[in-house]
Amino acid sequence: MTTATPPPVSEPDPSTFACPSTLVGPCSGCQRSTHKYGSGGLPLCQWCMTLAREAWGPAVRFTSTRAQAQ
Ligand SMILES: [Zn+2]
């Protein structure tokens with residue numbers, strides 16, 4: 001496990017550094033600035049996404065889940 005401690009919510013998500021400011025919006029979880037809109041945008045910052053993935057388990061995918069081996 002390599003769970004990093006999230007920085008304060010006043011710190012923008014690193015994803016904002018690589019996208020136009022027009023695509024930046026508040027994370028749905030912690031309200032920090034994150035790349036929310038447009039191509040590659042996510043409603044959650046990478047920290048909340050990491051926590052969500054851990055909560056949901058490794059089976060979670062953004063693409064289709066229908067082809068998973070049982
Ligand atoms: Zn967040």
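The values are calculated or read from the model by the stated rules, or taken from the named source; none is laboratory data. If you're wondering where the values come from, they're calculated on a predicted model, not measured in any experiment. Here Cβ is always computed from backbone atoms with ideal geometry, including for glycine, and neighbour counts include all displayed protein chains. Please note that ligands, DNA and RNA were not included when accessible areas were found on the heavy atoms of the full protein model with its side chains. Shrake-Rupley method; radii C 1.70, N 1.55, O 1.52, S 1.80 Å.
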When (1) at pLDDT 95 or above; (2) open to solvent by 60 Å² or more (accessible area, probe 1.4 Å) are applied to R32, the one that fails is (2)
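Does T16 qualify as being more than 11 Å from the ligand (Cβ to nearest atom), without any contact (Cβ under 8 Å) to a residue 40 or more places away in the chain and either outside any loop (DSSP other than H, G, I, E, B) or of a type in the set (S, T, Y) (or both)? I'd like the intermediate steps shown before the answer.
Numbers: more than 11 Å from the ligand (Cβ to nearest atom): yes; without any contact (Cβ under 8 Å) to a residue 40 or more places away in the chain: yes; either outside any loop (DSSP other than H, G, I, E, B) or of a type in the set (S, T, Y) (or both): yes.
Answer is yes for this residue.
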Unmet requirement for L44, which otherwise passes all of (1) open to solvent by 90 Å² or more (accessible area, probe 1.4 Å); (2) at pLDDT 95 or above; (3) among the aliphatic types (A, V, I, L, M): (1)
